Amino acid sequence: MGDEDWEAEINPHMSSYVPIFEKDRYSSGENGDNFNRTPTSSSEMDDGPSRRDHFMKSGFASGRNFGNRDAGESNKRDNTSTMGGFGVGKSFGNRGFSNSKFEDGDSSGFWRGYRDGNNSEASGTSRRGGRGSFRGCRGGFGLGSPNNDLDPDECMQRTGGLFGSRRPALSGTGNGDTSQSRSGSGSERGGYKGLNEEVITGSGKNSWKSEAGGESSDTQGPKVTYIPPPPPEDEDSIFAHYQTGINFDKYDTILVEVSGHDAPPAILTFEEANLCQTLNNNIAKAGYTKLTPVQKYSIPIILAGRDLMACAQTGSGKTAAFLLPILAHMMHDGITASRFKELQEPECLIVAPTRELVNQIYLEARKFSFGTCVRAVVIYGGTQLGHSIRQIVQGCNILCATPGRLMDIIGKEKIGLKQIKYLVLDEADRMLDMGFGPEMKKLISCPGMPSKEQRQTLMFSATFPEEIQRLAAEFLKSNYLFVAVGQVGGACRDVQQTVLQVGQFSKREKLVEILRNIGDERTMVFVETKKKADFIATFLCQEKISTTSIHGDREQREREQALGDFRCGKCPVLVATSVAARGLDIENVQHVINFDLPSTIDEYVHRIGRTGRCGNTGRAISFFDLESDNHLAQPLVKVLTDAQQDVPAWLEEIAFSTYIPGFSGSTRGNVFASVDTRKGKSSLNTAGFSSSQVPNPVDDESWD
Ligand SMILES: Nc1ncnc2c1ncn2[C@@H]1O[C@H](COP(=O)(O)OP(=O)(O)OP(=O)(O)O)[C@@H](O)[C@H]1O
């Protein structure tokens with residue numbers, strides 16, 4: 001279902017509730033009684049630890065977002081703000097909040113949050129104030145300037161739909177970086193790569209540089225000031241890991257096919273890789289005792305200096321499959337210890353499509369390089385550019401980066417590419433599709449970047465549509481090797497997949513029913529749009545289900561907070577757009593729910609791969625809407641069948657009735673539905689549904 005329909009569903013709520021906000025706003029005002037009428041009894045406010053509180057603290061109009069600077073006051077404020085934020089209770093029908101005191105608190109909380117936000121260090125710097133606000137709630141939520149004036153923008157917001165938020169509305173830090181407001185048009189503003197983060201010209205001496213300025217522009221809106229907290233430095237934290245699951249040993253039964261000439265033989269054990277002692281120690285400390293199939297094949301290939309395109313199921317250890325041999329090479333070649341330099345020339349460059357993923361890869365690189373002189377650095381959008389530069393100039397052997405930030409830093413001449421020996425594209429099909437492909441092409445034509453003959457290029461993903469494989473050839477030496485572990489584009493078999501027929505208007509009810517049954521087990525709920533993510537997250541919190549959300553309209557600080565709250569179990573439900581579909585490795589995610597199915601089958605495979613990782617089992621439940629998802633029936637049946645899952649009869653019927661000639665149904669029973677395109681076979685993902693072919697509805701996400 002499109003956004004339109006969905007908005008139509010909530011519009012009635014909007015129309016009935018906006019006036020209430022208006023009333024509160026004008027009758028109480030920021031200096032009004034409501035502000036002072038915060039409930040005195042914590043029991044009135046705190047069901048808790050309140051689920052709503054969790055949610056709000058996690059970044060949704062959290063106390064912090066409301067400019068909550070005083071730790072001593074934080075609880076009270078959080079609660080207040082939370083409820084305030086959930087003044088939304090009214091707008092959503094106020095289910096469960098019949099207590100009038102609560103409703104008082106509700107509006108007072110709102111105003112308190114509003115005021116706090118505006119009184120913060122950065123008060124006034126973000127006129128949209130949005131910073132004290134829960135973004136969806138335009139109707140008066142923290143919109144105003146300190147003097148409560150309405151401005152045209154505010155009016156637009158008020159009429160723009162309760163959840164039809166425009167990006168700038170999200171905010172809530174009020175803690176010094178209010179100037180990050182997304183009201184800016186700079187690169188942090190969510191523009192999906194290539195749209196408005198950077199426009200890169202195709203010619204001229206500095207054609208690789210950011211033309212629009214992106215983050216570096218002084219004229220493109222407020223600067224981003226967020227500096228992510230440094231990760232813990234103690235050894236225990238560095239090597240913290242989760243246990244492999246009961247199906248880890250079953251990986252051995254997965255068939256692997258290697259194509260290309262003169263492939264080195266696979267190794268069976270870490271010892272056979274002949275890595276140096278420090279690396280072996282780190283592998284042991286990471287809890288790795290046995291290689292996964294993709295590691296068995298990729299490690300010797302990379303050690304042999306060959307280019308590689310590797311496709312293996314989600315959660316099967318692709319990150320270590322490239323990091324370990326690269327580090328082994330570096331150690332063997334005698335890497336020069338990093339030292340301060342204005343221009344750093346890393347030996348290894350790893351790019352990935354999302355900020356969270358690139359950060360995760362960095363943490364893995366830091367773990368495996370522990371105790372060596374190799375220094376890994378991570379840079380990504382949504383954070384202060386100066387911070388990225390400071391990280392780099394201190395020394396950089398392995399640079400983990402999102403494309404936008406990378407190009408910015410290259411443009412600033414802080415990174416030279418001359419020494420690049422290893423170029424890794426993780427989630428390579430995503431990195432080469434319509435969204436990031438042009439930028440990757442720019443990257444390899446940047447001055448100094450060694451030609452493909454001179455560098456080793458490695459590509460990894462769980463999905464590799466045929467046409468993307470063809471594009472990839474431009475990046476790889478002609479004799480690259482192709483490793484297919486199991487089915488290219490296939491789903492992980494450790495994920496039990498269920499597809500339910502649920503119409504758009506029954507989805508919320510069904511979701512709540514499922515989540516109540518699930519209890520506190522960690523669950524990711526995928527929706528198709530950013531505003532829907534906000535809406536569903538808010539709705540769940542109202543249903544007293546601790547929820548947070550991650551999507552491209554949230555500040556990076558909020559994204560990280562949300563992920564942190566989800567990881568630690570504080571908020572066991574994470575509502576996400578596809579920005580969280582790929583690569584994220586979060587312990588104990590037992591369930592994935594596709595509230596909305598994605599538009600492509602590849603995306604489906606990645607999404608459900610957030611559970612059932614590393615031999616653990618997981619469950620995925622997908623709501624199939626007959627109005628909008630029929631195009632997915634055919635590839636879905638194939639993915640289910642290949643993963644030996646039950647296929648509902650109704651789904652098969654739809655698949656049959658929407659049969660697309662050319663879809664390789666005959667490959668259904670094959671072990672390799674898709675193989676190295678150099679063999680000329682057709683791919684699983686060529687049924688018109690691969691991500692490169694279908695415009696991604698979240699392509700306006702601020703992924704990197
Ligand atoms: N040989 C191993 N032994 C034990 N654990 C491993 C091994 N290899 C990888 N892991 C762990 O398995 C988890 C999944 O690995 P990783 O994130 O690299 O998977 P992936 O294949 O890249 O998944 P995705 O396709 O979702 O990106 C990680 O927690 C990682 O530390």
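Rank-order 408-420, 225-237 by packing density, defined as the average count of other C-beta atoms within 10 Å over each peptide's residues, highest first. List each step's numbers first, then the result.
Values: 408-420: 19.8, 225-237: 11.7.
Descending mean neighbour count gives 408-420, 225-237.
Specify whether the C-alpha gyration tensor of the range 267-323 places it in the rounded, prolate or oblate class, a ≥ b ≥ c being the square roots of the eigenvalues: rounded for a/c under 1.5, otherwise prolate if a/b is larger than b/c and oblate if not.
Working: a/c = 1.94, a/b = 1.27, b/c = 1.53.
Oblate.
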- Message: Take ILE246 and ARG470, extend 7 Å from each Cα along the Cα→Cβ direction, and tell me the distance between the two endpoints in nm.
- Response: 4.5 nm
- Expressed to two decimals, the range 495-658 has a Cα Rg over Rh, using the Kirkwood radius, of 0.95
- Item | For the range 235-485: rounded, prolate or oblate by the Cα gyration tensor [a/c cutoff 1.5] | oblate
- Taking R0 as 41 Å and r as the Cβ-Cβ distance between SER478 and LYS510, the FRET efficiency 1/(1 + (r/R0)^6), rounded to the nearest 0.05, comes to 0.20
- Query: Taking the Cα-to-Cβ direction at CYS276 and at GLN644 and moving 7 Å from each Cα, how far apart do the two end points lie in nm?
  - Reply: 4.3 nm
- Note on the structure: So for R0 = 35 Å, FRET eff. of HIS387-THR658 from the Cβ-Cβ r, to 0.05, ends up at 0.10
- Rounded FRET efficiency, nearest 0.05, which uses the C-beta distance separating ASN588 from LEU500 and R0 of 22 Å: 0.40
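Each reported figure results from applying straightforward, stated rules to the coordinates on display, with no laboratory input. What you see is a predicted model, and the numbers here were worked out from it, not measured in a lab. FYI the Cβ positions are ideal-geometry reconstructions off the backbone, even for glycines, and counts take in every protein chain you see.
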